[in-house]
Structure formats: C-alpha cells, structure tokens
Amino acid sequence: MGTREIKVTLMPGHEITLQSDAPDIEGLVSSIVSIMDQFSPDDIKVECGYDGFDIKSFREILIEASKDFIDAIALDKSKYQSVLASLEAVEHEAN
C-alpha cells in the first residue's frame, strides 16, 4: 500500500493530515495539547479518500487514545497540585 493521506479534524479550524505509512503522532499530540481546553475527543472526524481504509475503526482508536491521554494529563496535574499544596503547607509551618 502506498502512502495515503488521512485528514483528522480535532475541532473546526484544527486539522492535521497524517500519512498512512508514517503518521505524525507527535504532531497529532501537539495539536491536541494546543486545544486541550476546548477539545472533545468525541468530536474527532476522520477522512480518507482510500476505500480500503477503515475510517470508523481509526476514529474509534483516536477517540480512545485521546481520552486516555487527557485522563493521564489530568492525573498528573492532580498529583502536581497535591504535592505543591503539601510543600506550601510545610513552608507556611516553617515561617
């Protein structure tokens, strides 16, 4: 199979084109991060002109991976805030 373009629309005005043989996952993740506050994984749209490409399955994979990624970031942020609050409490007690 030759290179095919896959157009992923994260939200209106935020599209990324992936190559089927070497998708730019880093670019996709960067695009998601740049719109994180407005992004809803369920709104992802996928287009590909190649009839043999399973758009539905690819979209489902993107949605699930995006949700997992967002959840992981939220957990990291929660841990960060908890540690920061603990450090601030220790600093406050020291003064």
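The values are calculated or read from the model by the stated rules, or taken from the named source; none is laboratory data. Please read all numbers here as calculations on a predicted model, not as lab measurements. We place every Cβ from the backbone using ideal geometry, glycine too, and count neighbours over all the protein chains shown. These accessible areas exclude ligands, DNA and RNA; they are computed on the full protein's heavy atoms, side chains included. Shrake-Rupley method; radii C 1.70, N 1.55, O 1.52, S 1.80 Å.
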Compute the relative contact order of the chain as a whole-number percentage, counting only Cα pairs closer than 8 Å that sit 6 or more residues apart in sequence. 24 percent
Could you size up the charge dipole of the chain around its Cα centre, putting +1 on the beta carbon of Lys and Arg and -1 on that of Asp and Glu, and report it in debye to the nearest 20? 180 debye
For the chain, with every protein chain kept in place, what is the accessible area per residue (1.4 Å probe, Å²)? 72 Å²
Comparing Glu26, Glu60, Glu15, which has the greatest mean-square fluctuation in the GNM of the chain with Cα pairs linked when under 10 Å apart? Glu26
If you stretched the chain out fully between Lys56 and Glu26, how much longer would it get, using 0.36 nm times the residue separation minus the C-alpha to C-alpha distance? 8.6 nm
Residue separation between Lys67 and Ala89 times 0.36 nm, minus their alpha-carbon distance, gives in nm 4.6 nm
Option label - Cα extents along the principal axes in Å computed here, alternatives (i) 30, 25, 23; (ii) 70, 27, 26; (iii) 67, 23, 21: (iii)
Of the accessible area of the chain, with the probe set at 1.4 angstrom, what percent is carbon plus sulfur? 52 percent
Between Lys77 and Lys45, what is the label-to-label distance in nm when each label sits 7 Å out along the Cα-to-Cβ direction? 2.6 nm
Among Lys67, Lys56, Lys45: highest mean-square fluctuation, GNM of the chain, C-alpha pairs under 10 Å: Lys56
